[in-house]
Structure formats: C-alpha cells, structure tokens
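The values are calculated or read from the model by the stated rules, or taken from the named source; none is laboratory data. Note that the structure is predicted; figures quoted are calculated from it, not measured. Glycine also receives a Cβ, built like all others from the backbone with ideal geometry; neighbour counts cover every protein chain displayed.
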Amino acid sequence: MITVILGTVWAGLSLIGKWENAKEAGWDMFAEILPGAFLWAIYLRCFYCPEDLFLGFLISVIAGCLLLACATDRKTCQVYNFVWWISGAAAVALLWVRRTETGSGGIGGLVLFCLLQLFLFSKMYGRADCYAFCVCAGAETGLGLKLWECWGHMTAAFLLLAVIQAFRRNISLRGRLKEPVPFLPYITAGLLVVLTFHKICGETVVRLW
C-alpha cells in the first residue's frame, strides 16, 4: 500500500512539475508527505486491508490523491483537477467491484449527495472541496458506508475545522474565519474519523437503528 500511495503522489508531483517549477510543484514538502503516506498505509492495513489486491490498490490510489491534494492545497491554495480525475476513476472502479454489496440504494444516495455538493454546497466552499467530498463519498459507499455516514463525514470535517480554528483564535464573532485556511486536510481527517467510526461502531449503530 505504501508503494502505491507514494507512487501516486510522486506521479502527481511529476506531472505538476511539467507545468510549474520545482518549488511550486511541492517537492520541498515531500518530507511532510512521506510520514503522511506511512500513516495512511498503516491505517489502511489495520482497518481496511482487503484480501483482494485490486481493492487495496484502488483504496491506496484514492489515499495518495487525497494526500497530494492536501499538500498542494496547503502550499499553493489550489488543487489540480487531474487529482480528482484519477481519484474519481478509482472510486468508480471501487463502486463497480463492490456493486453487489453496495446495491442500487447506495448508488442512488451517492448520486444525490454528489449533486447537492456540486450545485448547492459549492456556493459555500471551493469547487475542489466539493470534488473531494464526492470522491470520498464514492469511496465510503464502495467500502460499505451508508448515506448518513457520508453526511457524518461532512459534519466531522466542519467540526474539526471549527474546533482547531477556534483554538487558534481564527474565528470572528460572526463565526467566520479571520484568515482563510485550506479545507482539504480537514476533509481528509474527517474521512478518517468516519471510516474509523464505521469500522468500530457502524454495525452496532445500524442494528440499534
């Protein structure tokens, strides 16, 4: 998994390097990307390590794309669209492979979630953040999460943003950020929160529901 994650990030940075100089491409952030890749690999190995190598490959590609998106968002406040093309394709492939477990109901909820992201929530935050939520929702659905857990991912991301920025005193009295901050790291952290919750407590909650 670590090889696929780092390979995805390296390929993305190489592609960016063809358009930008090395500094803007983010190569100087590889010292931060490396531990992030190892943490992703350890997490996936512990919680979402499928026996099917192809499934593991798809999940690792999505993780690598999210890691790359966080790096470029933090460095240049932008995310290149090819990141979402690659991760989106991996999420669609994951949904296809897992179509039996997902079912038509899960796909219908995913389509609704993505439409709301693109046409409603895009007015609240950046288009790249909408794409990130859509890709994550596709991966979550493919991994067996329900629609309410996709909404839980959004809630977790915003709560993490609010708590950390409040601690940094970066929220005004009107509830807005005094200085804009990259949202992609919070979206990724929220994904890890909801995936962990699903693995540990998800089945219990569904039975109680």
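Would you confirm whether or not region 96-109 contains a residue that is farther than 16 Å from Val61 by Cα and either of a type in the set (Asp, Glu) or in contact (Cβ under 8 Å) with a residue 60 or more places away in the chain (or both)? Looking through region 96-109, at least one residue is farther than 16 Å from Val61 by Cα and either of a type in the set (Asp, Glu) or in contact (Cβ under 8 Å) with a residue 60 or more places away in the chain (or both). The criterion of being of a type outside the set (D, E, K, R), surrounded by fewer than 15 Cβ atoms within 10 Å (Cβ to Cβ), assigned to a helix (DSSP H, G or I) and without any contact (Cβ under 8 Å) to a residue 60 or more places away in the chain does not hold for Val193. Pairing residues of region 38-66 that are touching a residue at least 40 places away in the same chain (Cβ under 8 Å) with residues that are among the basic types (Lys, Arg) and surrounded by fewer than 19 Cβ atoms within 10 Å (Cβ to Cβ), at Cβ distances under 6 Å and at least 6 apart in sequence or on separate chains, gives Phe47/Lys199.
For Gln117, the requirement of being in contact with a strand residue (DSSP E or B) (Cβ under 6 Å, 6 or more places away or on another chain), in a helix (DSSP H, G or I) and free of Cβ contacts under 8 Å to residues at least 60 places away in the same chain is not met.
Table: residues versus (1) among the aromatic types (Phe, Trp, Tyr); (2) in a loop (DSSP other than H, G, I, E, B); (3) at pLDDT 90 or above.
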residue	(1), (2), (3)
Gly12	no, no, no
Ile16	no, no, no
Trp19	yes, yes, no
Lys23	no, no, no
Pro50	no, yes, no
Gly56	no, no, no
Ile62	no, no, yes
Cys65	no, no, yes
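Mind checking whether some residue in region 168-188 is part of a helix (DSSP H, G or I), aliphatic (A, V, I, L, M) and either surrounded by fewer than 21 Cβ atoms within 10 Å (Cβ to Cβ) or free of Cβ contacts under 8 Å to residues at least 24 places away in the same chain (or both)? Scanning region 168-188, I find no residue that is part of a helix (DSSP H, G or I), aliphatic (A, V, I, L, M) and either surrounded by fewer than 21 Cβ atoms within 10 Å (Cβ to Cβ) or free of Cβ contacts under 8 Å to residues at least 24 places away in the same chain (or both), so the answer is no. Pick from region 69-121 the residues that are among the charged types (D, E, K, R) and farther than 26 Å from Leu53 by Cβ: which of them is surrounded by the most Cβ atoms within 10 Å (Cβ to Cβ)? Among those that are among the charged types (D, E, K, R) and farther than 26 Å from Leu53 by Cβ, it is Asp73. Look at (1) buried (at least 22 other Cβ atoms within 10 Å of the Cβ); (2) farther than 20 Å from Ala157 by Cβ and you find that Leu55 fails only one, number (1).
With respect to Gly144, is the statement that it is outside any helix (DSSP H, G or I) and closer than 27 Å to Ala37 by Cα true? Judged against the criteria, Gly144 is a match.
I'm trying to understand the selection: among the residues of region 57-68, which are touching a Gly at 6+ places or on another chain (Cβ under 9 Å) and within 22 Å of Val181 (Cβ to Cβ)? Answer for region 57-68, where residues must be touching a Gly at 6+ places or on another chain (Cβ under 9 Å) and within 22 Å of Val181 (Cβ to Cβ): Cys65, Leu67, Leu68. Between Leu160, Leu118, Leu195, the distinction of being under 24 Å from Leu68 (Cβ atoms), of a type in the set (A, V, I, L, M, F, W, C) and at pLDDT 95 or above belongs to Leu160 only.
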